[in-house]
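See below for the structure under consideration.
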Amino acid sequence: MKKFLLADDHVVVRSGIKLLLLEIFKPAEIYEAADGDDVLAKLKEHVFDLIILDIQMPKTDTIGLMETIHLEYPDAKVLMFSMSAEKIYAKRFLKAGAKGFVSKEAPLEEIVKAVNQILNNRRYISDSLADFLADESVSAKTDNPFNRLSAREFEIASLLLSGGTISSISKQINIKVSTVGTHKTRLFEKLNVNNLLELKELATNYNL
């Protein structure tokens, strides 16, 4: 019997994926989590065949969570499942230990394919992401300034690009407003930009 952990703060999303998994894998045990603390608590109690992990959950540093899972549960298989742009996030999470990345907007067939490949000890990335990574490799964009950012700085840069304010980002990733401000200052210095408009222009230039 397969055992799954669905980590997403939206009940509707969890319910939909749960129904999909129960249809494919009969019987199956499916557990649910709404944030990072809940995920770690469930991992202490159970061994899962697959963890399906949303990128943006309240009070959760998801990159940090992924790194913790990979370090403390090295055999755990994690599929990132998100509305966030895979071109921005996927490589970071794959590097942190995730086995795959799939968009919430992907057709059901692709989600099923991703789940099956990871359960069969293979990685999963979409065709569009594979093409993007191949193009990036050919272009040899080692000069991409975003690669200079730490995982936390990159996360905050991404949230700023998504329209987040220092206050909203502080609440979303559960760190102090002053800490967000410090990270923002540092990432601006590393990227050599002076304001959000310049950050957006730079991100556009590097297809982020």
Flag if residue 103 is touching a residue at least 40 places away in the same chain (Cβ under 8 Å), closer than 30 Å to residue 24 by Cα and under 19 Å from the mean Cα position of the chain (by Cα):
no
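How many residues are hydroxyl-bearing (Ser, Thr, Tyr), in a helix (DSSP H, G or I) and under 15 Å from the mean Cα position of the chain (by Cα) when one looks only at the range 108-136?
Applying the first criterion (hydroxyl-bearing (Ser, Thr, Tyr)) to the range 108-136 yields 124, 126, 128.
Remaining after also requiring in a helix (DSSP H, G or I): 128.
Checking the rest, the ones that are also under 15 Å from the mean Cα position of the chain (by Cα) come to none.
Count: 0.
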Restricted to the range 77-101 and to residues being touching a strand residue (DSSP E or B) at 6+ places or on another chain (Cβ under 6 Å), over 20 Å from residue 147 (Cβ atoms) and among the hydrophobic types (A, V, I, L, M, F, W, C), the residue modelled with the lowest pLDDT is 81
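Looking at 66, 80, can you tell me which residue is of a type outside the set (Val, Ile, Thr), under 15 Å from the mean Cα position of the chain (by Cα) and outside any helix (DSSP H, G or I)?
Details: 66 fails: outside any helix (DSSP H, G or I).
That would be 80, the only listed residue that is of a type outside the set (Val, Ile, Thr), under 15 Å from the mean Cα position of the chain (by Cα) and outside any helix (DSSP H, G or I).
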In the range 15-50, how many are of a type in the set (Val, Ile, Thr) and either under 25 Å from residue 169 (Cβ atoms) or open to solvent by 40 Å² or more (accessible area, probe 1.4 Å) (or both)?
3
Checking residue 105 against (1) closer than 29 Å to residue 71 by Cβ; (2) assigned to a loop (DSSP other than H, G, I, E, B); (3) modelled with pLDDT under 90, the condition it does not meet
(1)
Test result for residue 193, more than 17 Å from the chain's Cα centre (by Cα), more than 24 Å from residue 60 (Cβ to Cβ) and either of a type in the set (Gly, Ala, Ser) or open to solvent by less than 20 Å² (accessible area, probe 1.4 Å) (or both):
yes
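Tell me which residues, restricted to the range 159-176, are open to solvent by 80 Å² or more (accessible area, probe 1.4 Å) and either assigned to a helix (DSSP H, G or I) or within 20 Å of residue 88 (Cβ to Cβ) (or both).
In the first step, residues of the range 159-176 are kept if they are open to solvent by 80 Å² or more (accessible area, probe 1.4 Å); the result is 162, 171, 174, 176.
162, 171, listed by residue number.
The values are calculated or read from the model by the stated rules, or taken from the named source; none is laboratory data. Owing to the predicted nature of the structure, the values given are computational and were not obtained by experimental measurement. A quick note on method: Cβ atoms are made from the backbone with ideal geometry, for glycine too, and the neighbour counts reach across all protein chains shown. These area figures cover heavy atoms from the full protein model, side chains too; ligands, DNA and RNA do not enter into them. Shrake-Rupley method; radii C 1.70, N 1.55, O 1.52, S 1.80 Å.
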